[in-house]
1. Please work out if residue 124 is part of a loop (DSSP other than H, G, I, E, B), hydrophobic (A, V, I, L, M, F, W, C) and either surrounded by 16 or more Cβ atoms within 10 Å (Cβ to Cβ) or within 18 Å of the chain's Cα centre (by Cα) (or both).
2. Considering only the range 15-32, how many residues are free of Cβ contacts under 8 Å to residues at least 40 places away in the same chain, assigned to a loop (DSSP other than H, G, I, E, B) and closer than 26 Å to residue 208 by Cα?
3. Can you name every residue in the range 35-56 that is surrounded by fewer than 22 Cβ atoms within 10 Å (Cβ to Cβ) and part of a helix (DSSP H, G or I)?
4. Go through the range 57-77 residue by residue and tally those that are touching a residue at least 12 places away in the same chain (Cβ under 8 Å), in a loop (DSSP other than H, G, I, E, B) and of a type outside the set (A, V, I, L, M, F, W, C).
5. With the checklist (1) surrounded by fewer than 18 Cβ atoms within 10 Å (Cβ to Cβ); (2) acidic (Asp, Glu); (3) in contact with a Gly (Cβ under 7 Å, 6 or more places away or on another chain) in hand, flag the one item residue 81 doesn't pass.
6. List every residue pair whose Cβ atoms sit under 9 Å apart, with the two residues 6 or more apart in sequence or on different chains, where the first one lies in the range 109-133 and is closer than 16 Å to residue 8 by Cα and the second, anywhere, is of a type in the set (Asp, Glu) and crowded, with 24+ Cβ neighbours inside 10 Å.
7. Please determine, by comparing only the residues of the range 97-115 that are in a loop (DSSP other than H, G, I, E, B) and within 15 Å of the chain's Cα centre (by Cα), which one is surrounded by the fewest Cβ atoms within 10 Å (Cβ to Cβ).
Amino acid sequence: MSAAELLNQRLSECPLVAIIRGVTPDEVEAVGDVLYAAGFRIIEVPLNSPDPLTSIGKLAARLGDRALIGAGTVLQPEQVEQVRQVGGQLIVSPNTYPAVIEATVAAGMVSSPGYFTPSEAFEAFRAGAHALKLFPAEAATPAVVKGQRAVLPKDVPLIVVGGVNPSNMKPYLDAGADGFGLGSGLYAPGRSLDEVASAAQAYVAGLDRK
């Protein structure tokens, strides 16, 4: 299965990406289990978390055959290989940096770089990105998504990240978004597993909100 096929399969199962910034290796498997049970099939551990490669390796070993596991906040191309070596298959960045995208594609991994303008989106697409991460979405209304969707390649998923809550997802979906990245509204250091589970279930339910 190609990287694009793997991404599309997981998005079709659940179009939500869990961004578990700050997670520690001691808790990452339990958090991953809670998210998987709620329906999540894509989980990223940002590289500015404590010992992120260990956490990614643990998640990949536990859920990698059933979920897409990888790293967020990937800023340098050499970090791509570090993530690959521990079993990660997904590389997410907050920015559009062709060198990171190209290294990800060359490694056979899923590339989801951050962008905000159409110019950045097309630069990412030319470098081989498999998905586009609109960030920060706090500054991009559904109308912006609709306008960009009119010109962006239809076969490249558009993931909205930043300020997403269960009550504001439907307008973005109606505008053409394909999924959402969820950070502190879903997980934050110190939050109990029950709280994470409750938030995860609320986001999944929000996908069906009329």
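The values are calculated or read from the model by the stated rules, or taken from the named source; none is laboratory data. Since the model is a prediction, treat every value here as computed from it, not as a measurement. Please note: Cβ atoms are built from the backbone with ideal geometry, for glycine as well, and neighbour counts cover all protein chains shown. The protein model used for the area step is the full one, side chains on, heavy atoms only, and it has no ligands, DNA or RNA in it. Shrake-Rupley method; radii C 1.70, N 1.55, O 1.52, S 1.80 Å.
1. no
2. 0
3. Once the filter is applied, which keeps residues that are surrounded by fewer than 22 Cβ atoms within 10 Å (Cβ to Cβ) and part of a helix (DSSP H, G or I), the range 35-56 yields 36, 37, 38, 53, 54.
4. Residues flagged as touching a residue at least 12 places away in the same chain (Cβ under 8 Å), in a loop (DSSP other than H, G, I, E, B) and of a type outside the set (A, V, I, L, M, F, W, C) within the range 57-77 amount to 4.
5. Condition (3) is where residue 81 drops out.
6. Going by the 9 Å Cβ cut-off, the qualifying pairs are 112/44.
7. Only one residue tops the list, namely 109.
Results for (1) open to solvent by 50 Å² or more (accessible area, probe 1.4 Å); (2) in contact with a strand residue (DSSP E or B) (Cβ under 8 Å, 6 or more places away or on another chain), shown as yes or no for each residue.
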{"site": "117", "(1), (2)": "yes, no"}
{"site": "131", "(1), (2)": "no, yes"}
{"site": "151", "(1), (2)": "yes, no"}
{"site": "171", "(1), (2)": "yes, no"}
{"site": "177", "(1), (2)": "no, yes"}
{"site": "185", "(1), (2)": "no, no"}
{"site": "191", "(1), (2)": "yes, no"}
{"site": "206", "(1), (2)": "no, no"}
